[in-house]
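These notes concern the structure reproduced below.
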Amino acid sequence: MEPTENAKKPDKLRFWLALMLEDLPVGTQFQPGRLHLTIIPWFVSELDEDALINSFSGKFSKINKFNLVLGQKAMFGPKKDVSVSLIEPNQTLQALHELSLEWFDEIGARWAVKNAHVAQDYKPHIRRRQGTKIKTGEIYKINSLSLIKAARHEDGKRVVAARISLK
């Protein structure tokens with residue numbers, strides 16, 4: 001039987017790279033709001049998920065553990081109504097962001113967000129959430145890098161597609 005025009009196509013996945021403040025194993029499903037630091041925001045790729053994960057694992061397998069220090073509070077967003085904590089300048093984090101952009105180009109990805117805020121527009125931060133306690137000067141030990149996936153049509157669910165333990 002031929003599909004009709006109204007047949008629903010499978011939803012394409014979108015991905016992002018993040019440092020999760022609480023390490024989550026592969027397959028963990030979570031809702032938006034989990035504390036994290038975005039390395040590169042939502043993107044899509046024509047690679048299938050297995051090829052994307054293999055590429056991710058190959059590209060980032062040699063990254064060493066490092067620390068992040070929470071900096072001052074700031075307000076982001078077009079209306080300046082999103083409370084964040086900036087991250088103190090960190091060469092390792094900047095190098096990881098640049099490596100991620102290199103990988104983004106290698107896999108032929110494209111942004112799935114209107115404003116990607118990458119390269120010179122990248123301002124590392126953690127969004128402050130109700131019910132969570134993060135303090136200026138707090139140090140976070142970064143032990144892993146996660147590739148997160150979600151359906152493009154927002155259902156609120158995110159899943160850890162792959163995770164690399166840093167050396």
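Laboratory data are not the source of any read-out in this text; all were calculated from the coordinates shown. Everything numeric here is computed off the predicted structure, so don't read it as measured data. As a convention, Cβ positions derive from the backbone with ideal geometry for all residues, glycine included, and neighbour counts pool all protein chains shown.
Values as computed for the structure displayed
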{"quantity": "The chain: angle of helix 49-60 to the longest principal axis, Cα-based, in degrees nearest 10", "calculated": "30 degrees"}
{"quantity": "Reachable lysines from K167, criterion Cα separation under 20 angstrom, eight or more residues apart if same chain", "calculated": "K59, K62, K65, K141"}
{"quantity": "The chain: calculated mean residue ellipticity at 222 nm from DSSP helix runs of at least 4, using -39500 (n - 2.57)", "calculated": "-5500 deg cm²/dmol"}
{"quantity": "Lysines with Cα under 18 Å of K157, excluding same-chain neighbours fewer than 8 positions away", "calculated": "K12, K149"}
{"quantity": "Those GluC sites (Glu not before Pro) in region 28-107 that DSSP places in a loop and that have at most 15 other beta carbons within 10 Å", "calculated": "E46"}
